[in-house]
């Protein structure tokens, strides 16, 4: 990835809705060359997709919860079974295999505590092989994820 690719990736992370002509101008390329580079970045897997950033509160999800999960066993089979089950629940937004005290860290969003109770009982409690769960509630988001720092990127 050269400086221009890095600048394109950085620009797309911050606003992927801009037309190719605008992106091309920002990185000093022709629109066709810019389009070819974007396609190459997509084919290489550097760009894995495009999505809108949603404000969870604006769609009624005011409670964000981080759930630490410890399994009864760390065998490959137990972990595979847990990870497959996590994929079946839309209420689980993210799942990370962790080092340290907990085996997994989940991120969940809910409208309120009653809905989180429902998610806890009907989703989290059904996950296989769970020894313990510890929920931590976010009081306020300080910094929202806005993209990865791209090495050699020159902001347009």
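The values are calculated or read from the model by the stated rules, or taken from the named source; none is laboratory data. Computed from a predicted model, the values in this text were never measured in an experiment. Positions of Cβ are generated from backbone atoms using ideal geometry, with glycine treated the same way; all protein chains shown enter the neighbour counts.
Assorted remarks:
- In the range 15-36, the residues that are under 14 Å from residue 47 (Cβ atoms) form Cβ pairs under 6 Å with partners that are assigned to a loop (DSSP other than H, G, I, E, B), at six or more places apart or across chains, as follows: 16/50.
- Pick from the range 110-132, criterion part of a helix (DSSP H, G or I) and in contact (Cβ under 8 Å) with a residue 24 or more places away in the chain, ranking: surrounded by the fewest Cβ atoms within 10 Å (Cβ to Cβ): 126
- The one condition in (1) out of contact with any strand residue (DSSP E or B) (no Cβ under 9 Å at 6 or more places or on another chain); (2) surrounded by 14 or more Cβ atoms within 10 Å (Cβ to Cβ); (3) without any contact (Cβ under 8 Å) to a residue 24 or more places away in the chain that residue 149 fails to fulfil: (2)
- Some residue of the range 65-81 being under 15 Å from the mean Cα position of the chain (by Cα), surrounded by 10 or more Cβ atoms within 10 Å (Cβ to Cβ) and part of a helix (DSSP H, G or I): no
- When each of 58, 107 is tested for being closer than 25 Å to residue 143 by Cα, in a helix (DSSP H, G or I) and modelled with pLDDT of 95 or more, the lone residue that passes is 58.
- Number of residues in the range 41-52 that are surrounded by 10 or more Cβ atoms within 10 Å (Cβ to Cβ) and part of a helix (DSSP H, G or I) equals 2.
- Test: residue in the range 53-60 that is touching a helix residue (DSSP H, G or I) at 6+ places or on another chain (Cβ under 9 Å) and surrounded by 14 or more Cβ atoms within 10 Å (Cβ to Cβ): no
- Positions within the range 82-104 being touching a residue at least 24 places away in the same chain (Cβ under 8 Å) and either within 15 Å of the chain's Cα centre (by Cα) or assigned to a strand (DSSP E or B) (or both), in sequence order: 86, 91, 92, 104
- Any chance residue 38 is surrounded by 12 or more Cβ atoms within 10 Å (Cβ to Cβ), assigned to a helix (DSSP H, G or I) and modelled with pLDDT of 95 or more: yes
- Within this structure, residue 147 passes the test of being part of a loop (DSSP other than H, G, I, E, B), under 18 Å from the mean Cα position of the chain (by Cα) and on the phi > 0 side of the Ramachandran plot.
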